[in-house]
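Accompanying notes for the structure given below.
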Amino acid sequence: DTGVSQDPRHKITKRGQNVTFRCDPISEHNRLYWYRQTLGQGPEFLTYFQNEAQLEKSRLLSDRFSAERPKGSFSTLEIQRTEQGDSAMYLCASSSNVGARVEKLFFGSGTQLSVL
Amino acid sequence: SQQGEEDPQALSIQEGENATMNCSYKTSINNLQWYRQNSGRGLVHLILIRSNEREKHSGRLRVTLDTSKKSSSLLITASRAADTASYFCPLSGYALNFGKGTSLLVTP
């Protein structure tokens, strides 16, 4: 595998619609992360998985956001009833961590969401 | 969660010059990492320095760590236009916690 893949690269949607993004991590990586990034800011942590278990979610994460990682492979991030404030780059990253503290993360190119 | 804070926010230099950016933090750390992000792209890991290391090199990159001052620096020597990017020094917990980064512009 050459890296972390995200699909789609760009998504334009109308306010109130639901959207779903997909992330395919590097195949042997056990941890998968979702981040959100707006212009001029650093990536903001949303949630992460260790294999298929979702271990942490940001307190800033609205109930409209849900993520899954069935079978510990690819992951999906769904946003329901999108709002204009959801417009951002959504980044996925993976790592082959064994310790509690994450070390090197491999990032995908991101999905740019625009909510009109 | 604690995060590294990069300084300056923006830096503009000419090709061939060296670029230095700094990172400060407030907690104890096991390691500190530097990442680069080209415009509109994902982040790329550059280097990781552990708390018992003082300096590390990778190609044109030199990273220092001073745990007594809770600070790190990233030096890019002989910069190129392709080094134009944002640079981050996230702290490690169960996730990486990012600051706003330093935006570096290298002009020909």
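The values are calculated or read from the model by the stated rules, or taken from the named source; none is laboratory data. Bear in mind that the values here come from a model prediction, so they are computed numbers and not experimental data. For neighbour counting, all protein chains shown are included, and Cβ atoms are generated from backbone atoms with ideal geometry for every residue, glycine included.
Among the residues of region A:93-116, those that are part of a strand (DSSP E or B) and β-branched (Val, Ile, Thr) comprise A:Thr111, A:Val115. Restricting region B:81-108 to residues that are in contact with a helix residue (DSSP H, G or I) (Cβ under 8 Å, 6 or more places away or on another chain) and not hydrophobic (A, V, I, L, M, F, W, C), which is nearest to A:Pro43 (Cα to Cα)? Ranking the qualifying residues of region B:81-108, first place goes to B:Thr107.
All of A:Phe74, A:Phe65 fail the test of being more than 14 Å from chain B (Cβ to nearest Cβ), in contact (Cβ under 8 Å) with a residue 24 or more places away in the chain and under 13 Å from the mean Cα position of the chain (by Cα), apart from A:Phe74. For region B:82-97, residues that are modelled with pLDDT under 95 and at the interface with another protein chain (Cβ under 7 Å from one of its Cβ atoms) total 6.
Where strands (runs of 3 or more DSSP E) sit wholly within region B:42-96, those with at least 3 residues that are more than 27 Å from A:Pro25 (Cα to Cα) and without any contact (Cβ under 8 Å) to a residue 12 or more places away in the chain occupy B:55-58.
Pairs meeting the criteria (first residue in region B:1-16 and charged (D, E, K, R), second residue exposed (fewer than 12 other Cβ atoms within 10 Å of the Cβ), beta carbons under 9 Å, at least 6 apart or on different chains) are B:Glu5/B:Lys26; B:Glu15/B:Ala78; B:Glu15/B:Ala81; B:Glu15/B:Thr107; B:Glu15/B:Pro108. Annotation note: of B:Gln33, B:Gln3, the sole residue that is buried (at least 20 other Cβ atoms within 10 Å of the Cβ) and assigned to a loop (DSSP other than H, G, I, E, B) is B:Gln3.
Output the residues belonging to region A:80-92 that are touching a strand residue (DSSP E or B) at 6+ places or on another chain (Cβ under 6 Å) and either assigned to a helix (DSSP H, G or I) or loosely packed, with under 13 Cβ neighbours inside 10 Å (or both). Once the filter is applied, which keeps residues that are touching a strand residue (DSSP E or B) at 6+ places or on another chain (Cβ under 6 Å) and either assigned to a helix (DSSP H, G or I) or loosely packed, with under 13 Cβ neighbours inside 10 Å (or both), region A:80-92 yields A:Gln84, A:Asp86.
Could you count how many residues in region A:56-65 are surrounded by fewer than 16 Cβ atoms within 10 Å (Cβ to Cβ) and either aromatic (Phe, Trp, Tyr) or within 14 Å of A:Arg36 (Cα to Cα) (or both)? Summing the residues that are surrounded by fewer than 16 Cβ atoms within 10 Å (Cβ to Cβ) and either aromatic (Phe, Trp, Tyr) or within 14 Å of A:Arg36 (Cα to Cα) (or both) in region A:56-65 gives 4.
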